[in-house]
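> Let me give you the structure first, and then I'll get to my questions.
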Amino acid sequence: MKSKRVFRVREATPADLEAIIDVYFSAFEDNVMNQLMYPRGVTPTCRNKFGSRILPQRPADNDVKHAGGKTETLVCVAETFPDSELTDGAGDIVAFAKWQLQREPLSEEEWKSEEFKATTEVWGEDCDLSVVDAFIGGMKRVQRDNAKGEAALYLSLLACTPAFQRRGAGSALVEWGVNIADHLGLPSRLEASPAGYGLYKKFGYEDMAVFDFQVTKTWGRAKPAGSDWGENNAVDLAGPVPTGAQRNVIMRRPPGTATQTVTPIDDFIGDRAAVRLRPVTTLGNMAASAAQKAATAPADRQTHQERRPSGTINLSRLPSRCESGHGPSHRIMDPVSAAANIIAIIHAANKGCRKVISELESLLPPESLLATDSKTKAILTALSWLTKESRAKTLIDELREYKITISLALTTDSSLDIKETKQNTEKIFAALNDVQERQVYSWLYGTDPSDIHERSRKVYEPGTGEWLFRSPEWEEWLNGKSRCLWVHGIPGAGKTVFASRLIEEVRWRCDLRGPSYACAYYYCYFGHSQDETVPLLRWVLLELCRRFGRVPVAVFDLYRHGGNPTVRGLLQALEQAVQAFDKVYIFIDAVDESLERENLLRVLQILATETRFENLRVLVTSREYMDIEDTLLAISTPISMRNYLVDKDIALYIRSKLNSHPRFQRWPEQSREQAFQAIRSKANGMFRWVVCQIDALQRLKPEKRIIETALANLPRNLDETYERVFLQIPEEARSFVRHVFQWMSSHLTIHQAIPDVQPIQTVNFSPIYIPMLASILLDILFAAVKKSLSADETCDPDFVDSYAFDKDLLRDYCGCLVTVTKHPIKDHTAVVETCTVSFAHYTVLEFLESPRIRRGPSADFALDRQQVLTEHIKTLILGAVKSADRWSQDWPEKRSPEFYGDFDRYCVHSAVLLLHWHAKALHSLPTLSWLPPATQLLETRVPTPLGSYFWFNENVLMDLENPLAPSVGAFRAIQKLRMLSPPPQPHLEMLARMLQMDERGYLARSFLASLGRTSDDFACQVDLEFQPRACFLSSQIPTSREDWQSQMLKVVRFRGSMFEFYAQLPTIGLAHQGFYEMLDFAAGHFDPSTILLFAVVNHQHNGEGPQCWGCHVLTKLLRLGAEATAPGFAVCAMQIAATRRDMVAMSLLLDAGFDPNDVGDPCGDVGIPERGPMLVWCRNIRGRSPLNIVKNYSYLTRQSLNTWYDVQAQNSRPVPRQERKPIDGEVAALLLRHGGKDFQLCTD
C-alpha cells in the first residue's frame, strides 16, 4: 500500500546544494528553453555554476545583498518523509524555491539602472549566453518595467522533481513565501512559466504582463506534440499567443491574509542571526507539538536546563508526557489539568514580558531628555546608549521568545483536541495488514469514475467556472454554513467539465488543510446503465480509506460478511469513516443519468440532512428534472447554469479555441471575430452546442463567403446540430457511419448494460486490464464494420478498398459525435497503447434512438437497438463458432496489440456474455434466429485448455472481477460436461449445457420451445459428470488459495433427474429469480423436498428487505409441499441451515412447522452421485441435531469462482471464534425458542 507523503519546508543549507542541483536539472530536463540554454547537455561545469547562482556564500552579516544592498536572498527546500511522519532528521529534498526579498521600494534611477547580463563567469562556458540573455534577460526586463522598483517578495525560481510534481511540494513552497509576504504586508511577484501558471493562479497571483518568447522563429525549435507553451494563459490580458511562441506571464499577488499561521517568520526575516528558520509542514506547524508536550507535562517537573537569563520558557526543552525519557507513559494528564498547565505557561510568559518591557523602559532615555535643546545632554545620552545597546538587543530577543511561547501555547488546546480525536479514531479503524487492506480496497472498487474525471479535466478551459468561487453560496458551502449545493442546467451546459474544475479546486484546498480534510467524487454516466447508488457509496468509501490510509471497522465487517453490500450497510460504514475527518466534500455529477434515481435521491437527502453526516458537504449536478428538483430544492442551495457568468465562460472558451486551433489560424482575423460573435450570441448556455459548432466550422475552407454563409445559418439546438452532421456525410460514407453507430450501440448493450448487475470496470488482482465496457477498441470496431459493410447491399462496394480505416477517417465523418481516446492495455508482458471509441455525449445516443430523428431528413441513421442487436448476435456467435479451430495453440506468453484487437476473439467474448448475462433478453426476442448458432457454439469441443480462445487464461480468470469472468467460467465449465451413459433423449446433453451456461434457465426454455418439447424432459434421468466451480470450506480449517481453487475445478459425477441436476448448480443472486420461474415451468416433474435441500445449500440472503429471491424460492417450495426430510438423504434442510448459520432460512423452515431436532433419513446417504455429490461435507453432520451443530461444528462458507456480483469469496484465513459467537448465539437462541435440543446420534 502506498504511504502518504508529508512535506516539510525549511531553509536551505550548503549541505543541500547537490540535491537542489539534481532537482533543478531533472525538473527542466524536457524543457525546450533549458535544452536551448545547455546545447551540449548538462556538464559538471554547468552544475557547479548553477549551484553558485542558487546558493551563494553569505557575507558575515548573514544577508546576501543585491540592488544596492536592498535585496535579501531566501532559499527554501521541501523535504518528503515516506512514512507519513515528520522526524528531526533530514528528509528527501524534492523541490526548492529561491525568493528575493526587497523590503523598500527603489528609486526610478535605481530600478532603471538594473540590467541583466549573462556572463561566462556566472553561467559557464557550456551555456549558450545568447539564449540566456534573450530569454531570462527578456523576462527580467518585462518584470522590471512592470514592477517599477516596487517593494515586494520576488519568486526567482521554483523547481520540483518530476515524480513529485502536482503532489503538493510546489504548493508548500509557494505557501511558505506568500505567508512571509503577507506577514510583512508586501506584494509578491514572479514570472510564471506555462507549467507553473495554474499553481500561481490558485494562490491569488494576477496577470500583469506577458513575455512571448519566439522559440520557433528565433531558434528554430518546433513545439512538440502535447507540450504546453502557455497558449491558454493570460489570453484576456494579452490576446492569443503568437504561433511558435512560448508565453511566460508576469504575475503579482497583492498583500493579504496568510494561508497558514507561521509563528517563526519573525525570527527568520527580522534577524537572521538570531534564530534559524523553523520548519513549516503541510500537516501544520510542527512547533505546536512542543507546546502540547509542555502543556501535558506536570508543572512541577519542568526542567530548568538552558534557562534564558531573563526567565523565558523554552517549550522545546520541557519534558514529555512520560515519566522518563524512555519507556511507556505512566502519567497522562486529563484535559482540565492540561488546560491549567497551558494557563500557567501563558501566565509566566506574560509576567516575563512585563519584566522585560519594564527593563527596556529603564534603558531608554526619558522623552523630555530627547526633546532637550542642550547639545551636551544629547551627546551624553547618545554616548550612554552605546553601553546599553547590547542589553537592549538581548531584551528584544527575549521578548520575541515570549511571543513564540504564548503563540504555541495558545495552539495547544486545539492540538489536545486533535490528540483526543486521534485516540478515538484508532477505535474506528480495523487493524489490517497490507494484504487484507488490498483485498478490502479491491472489494470496494466498483465503478471507477476517474476516467470521466480525467477526460473532463483535460478539456477544461482555464479561467472558466471561476465565477462560482466568488459567490457567497460557494463560501457558505465551503465554510459549513450550508451542507448541499445543487448545480443544475440544461443538457449540454457543460456541467460535467464544470464539476471537474470544482473538484480540483476543493482537492487543492484539502491538500492545503492537511489530511483531516478529504474530497471524493463520483460521475454518474448513462453508459453505466445502472442504479448508481451503491457504486457511488462504494467509491466514496474507497476514496476516504485511501485518504486516511486505513480501513474502518464497519467497512471491514461489510467485506467479511460477503456479497454485495446494501445501501444501509454502506451508509453505516460511511458514517464511521467520516468521523476520522474534520470535513469531507463529496461531488456527484449527472444524477439524472442514474437509473432508478429515486434510490440515489433518497441517499442524497440522508447525506445532506442527518446529523450523523454533519461534517460532510455535498455538491450535486444534474438536469432540471421534476423529481430531482422536488428533492434537492428542499435540502440544498441551488446554483443555476443559466446566468450571464456562464455566458462569459462560453465566450472565453470560444475565443481560446478560435485562437489556438491551427485551422482557424488560416482564417482572416475579421472572420474569426465574426465567428466569435455568432457562436457566442446563439450558444444559449450550451457548451456542448459550442463544441459541435467549432468542430463543424474548422472543417470549412478559409474563404470569407463560405464562412459568412455558415455563420448566418448556425443550427438552433443540439438536435439540429446532430442532424446537420449526418446530412454533411457524403453519400458513399453513410453506410459506414450507420454501421459504426450500430456496432457502438451493440457493444454498449452487451459489454456494459448488463441487466440487474452492477458492472465493475477494473481487474483488481489480475495483471491484465482491458478497457472494454462503454468504449470499444478501434481495431475491433473497424473489423466489425467491415464485416457488416460486406453484407450491406446499400454500401458502395469500393468504399472499403478505397479508404484507410483509421481514427482520422472516423473523426472526418463522425466529427463531434464520437470521442477517440488513447488507452493502455496493461498486462505483465507489456503496456500496449490502443484507441477506444465512445459516444461523445449522452445526447448523441439519445438522439439516435429518439422519435425525433425518424421525422427528419436523417431518418436512415435512426437506431433501433433491439433490431440491430438481433442482427449482430448472429454475427458474433457465428464468428465464435467459425473460429473454434484457431484456438488449439497455447495462450501466448507475450501478447501484442493484435492479440487484443482480434475480431474473432472479440466474437467469442461477446458470445459468452450474451449467452450468460443476456439470456433473458434473447429469450424475449420475437425470433429464435440466434438459437441455432448458439447451439452450435455450445456443442463445439474446444481444444483443452482452450488455448488462446480468450484474453485470459484460467489463472487470470481466478482474479478477474468484471462481468466477463463468470461468462468465460461458465463456458469453460460446459467443456467439462459429458454424458457417462446415453441419455433417454439425444438433446438432453445440450439441455444440460444450456442450464450450466445460463443458470436462470432462459436458454433451456428457448431451446425446448424450438424443439417443440415440454417441461417433461426435466423428469428424465441422466448420468453425467460436470464441473460445479464451487465448493464448501470449514471456517476453522485454514485453506490455501491453491487448495480451494483446485477443489472448485474438480469434476463430479451426478445421477438423477435433469431438474435435480439443475438445482445443484451453484445458483446465486440473479439465478434465484430464474430458478423461481423454473419451479413453475417444471412443476410436477420434481420432488419439492429434495429440491428444498439444494435451495437451502445455495441460499445467500443479501437483500435489505425481509426476503430475497432465494427466500422466495424457499417459500414456493414450502407451498408446493416440501417436507423436512428428503427421502434417501442422510441430512435435512434444518441441519444444512444450521451449518451455514442461515438465520433467515432457518426462520422460514421453523415457521413452516419443521422439527428443530430433525436429523434426516437415518437410512439414507449423502455426498454420492445419487444423493448430492457436492454435499460430501454433510457426512460430518450426520446424526447431529441442528443445535449440536451450532454449538460444536464450525460453520461452512461457500467458495464460488467469479461471483463478485453477488457473493464475494470469504477470506481464506480461519475466522476467530470470538468473531462468530454473536451469530452462533442468535442461531442457538432461535432453535431453543422452538424446542431445539443438543444431541448426537450414533452413525455408522
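> Among the residues of region 507-534, which ones are surrounded by 21 or more Cβ atoms within 10 Å (Cβ to Cβ) and in a loop (DSSP other than H, G, I, E, B)?
CYS524, TYR525, GLN530, GLU532
> Among (1) under 26 Å from the mean Cα position of the chain (by Cα); (2) outside the structural domain of GLU504 (by TED's automatic domain parsing); (3) at pLDDT 70 or above, where does LYS422 come up short?
(3)
> On to the next question. Taking LEU697, is it farther than 21 Å from VAL868 by Cα, surrounded by 20 or more Cβ atoms within 10 Å (Cβ to Cβ) and either at pLDDT 90 or above or touching a Phe, Trp or Tyr at 6+ places or on another chain (Cβ under 6 Å) (or both)?
Working: farther than 21 Å from VAL868 by Cα: yes; surrounded by 20 or more Cβ atoms within 10 Å (Cβ to Cβ): yes; either at pLDDT 90 or above or touching a Phe, Trp or Tyr at 6+ places or on another chain (Cβ under 6 Å) (or both): yes.
Criteria met by LEU697.
> Of the residues ALA151, ALA159, ALA134, which single one is within 27 Å of ARG221 (Cα to Cα), in contact (Cβ under 8 Å) with a residue 40 or more places away in the chain, among the aliphatic types (A, V, I, L, M) and touching a strand residue (DSSP E or B) at 6+ places or on another chain (Cβ under 7 Å)?
Step by step, each of ALA151, ALA159, ALA134 is checked, and only ALA159 is within 27 Å of ARG221 (Cα to Cα), in contact (Cβ under 8 Å) with a residue 40 or more places away in the chain, among the aliphatic types (A, V, I, L, M) and touching a strand residue (DSSP E or B) at 6+ places or on another chain (Cβ under 7 Å).
> I would also like to ask the following. Report, ordered by the first and then the second residue, all pairs with beta carbons closer than 7 Å, sequence separation of six or more or different chains, a first member in region 2-21 that is under 29 Å from ASN433 (Cβ atoms), and a second member that is basic (Lys, Arg) and at pLDDT below 85.
Qualifying pairs under 7 Å: ARG5/ARG167.
> Within region 547-597, track down each residue that is of a type in the set (D, E, K, R), in contact with a Phe, Trp or Tyr (Cβ under 9 Å, 6 or more places away or on another chain) and not in a helix (DSSP H, G or I).
ARG550, ASP582, LYS583, ASP589 - these are the residues of region 547-597 that are of a type in the set (D, E, K, R), in contact with a Phe, Trp or Tyr (Cβ under 9 Å, 6 or more places away or on another chain) and not in a helix (DSSP H, G or I).
> Across region 1119-1157, what is the total count of residues that are part of a loop (DSSP other than H, G, I, E, B), in contact (Cβ under 8 Å) with a residue 40 or more places away in the chain, touching a Leu at 6+ places or on another chain (Cβ under 9 Å) and not hydrophobic (A, V, I, L, M, F, W, C)?
Residues that pass the stated criteria total 3.
> Please find, among VAL142, VAL131, the residue that is over 26 Å from ALA12 (Cβ atoms) and in contact with a Leu (Cβ under 6 Å, 6 or more places away or on another chain).
Criteria check complete, one pass: VAL131.
> Taking ASP207, is it farther than 21 Å from VAL23 by Cβ, in contact with a helix residue (DSSP H, G or I) (Cβ under 8 Å, 6 or more places away or on another chain) and not small (Gly, Ala, Ser)?
yes
> Then there is this: Going by the structure shown, is SER482 in a loop (DSSP other than H, G, I, E, B) and of a type in the set (Ser, Thr, Tyr)?
Details: in a loop (DSSP other than H, G, I, E, B): yes; of a type in the set (Ser, Thr, Tyr): yes.
So SER482 fits the description; yes.
> Do any residues in region 647-672 that are touching a residue at least 12 places away in the same chain (Cβ under 8 Å) and within 19 Å of GLY465 (Cα to Cα) have Cβ atoms under 7 Å from those of residues that are assigned to a helix (DSSP H, G or I) and of a type in the set (Val, Ile, Thr), where the two are at least six apart or on different chains, and which pairs are they?
Every condition considered, the pairs that remain are ILE650/VAL690; TYR653/VAL690; ILE654/ILE679; ILE654/VAL690; ARG655/VAL235; SER656/VAL235; LYS657/ILE694.
> Which condition does LEU1008 not pass, out of (1) without any contact (Cβ under 8 Å) to a residue 24 or more places away in the chain; (2) touching a strand residue (DSSP E or B) at 6+ places or on another chain (Cβ under 8 Å), if it passes all the others?
(2)
> Condition test on GLU708, is it surrounded by fewer than 20 Cβ atoms within 10 Å (Cβ to Cβ), without any contact (Cβ under 8 Å) to a residue 12 or more places away in the chain and of a type outside the set (A, V, I, L, M, F, W, C)?
Spelling it out, it is not the case that GLU708 is surrounded by fewer than 20 Cβ atoms within 10 Å (Cβ to Cβ), without any contact (Cβ under 8 Å) to a residue 12 or more places away in the chain and of a type outside the set (A, V, I, L, M, F, W, C).
> Filter region 644-694 down to residues that are crowded, with 21+ Cβ neighbours inside 10 Å, over 27 Å from LEU810 (Cα atoms) and more than 37 Å from the chain's Cα centre (by Cα), then give me how many there are.
Residues that pass the stated criteria total 1.
> Here's a follow-up. Can you tell me which of ARG1053, ARG978 is farther than 29 Å from TRP930 by Cα, touching a helix residue (DSSP H, G or I) at 6+ places or on another chain (Cβ under 8 Å), surrounded by fewer than 20 Cβ atoms within 10 Å (Cβ to Cβ) and at pLDDT 90 or above?
ARG1053
> From ASP1142, ASP1165, which residue is buried (at least 21 other Cβ atoms within 10 Å of the Cβ) and among the acidic types (Asp, Glu)? Lay out the reasoning, then the answer.
Working: ASP1165 fails: buried (at least 21 other Cβ atoms within 10 Å of the Cβ).
Only one candidate qualifies: ASP1142.
> Something else now. Is there any pair linking a residue in region 502-526 that is more than 30 Å from THR749 (Cβ to Cβ) to one that is of a type in the set (Phe, Trp, Tyr) and in a loop (DSSP other than H, G, I, E, B), with Cβ under 8 Å and at least six apart or on different chains, and which?
Filtered contacts from region 502-526: SER516/PHE581; TYR517/PHE581; ALA518/PHE581.
> Just to verify a result, which residue in region 598-625, among those that are acidic (Asp, Glu) and either on the phi > 0 side of the Ramachandran plot or outside any helix (DSSP H, G or I) (or both), is modelled with the lowest pLDDT?
By that ranking, first place goes to GLU624.
The values are calculated or read from the model by the stated rules, or taken from the named source; none is laboratory data. Predicted model, so just to flag it, every value in this text is computed and none were measured. Heads up, the Cβs are rebuilt from the backbone with ideal geometry, glycines too, and the neighbour counts pull from every protein chain shown.
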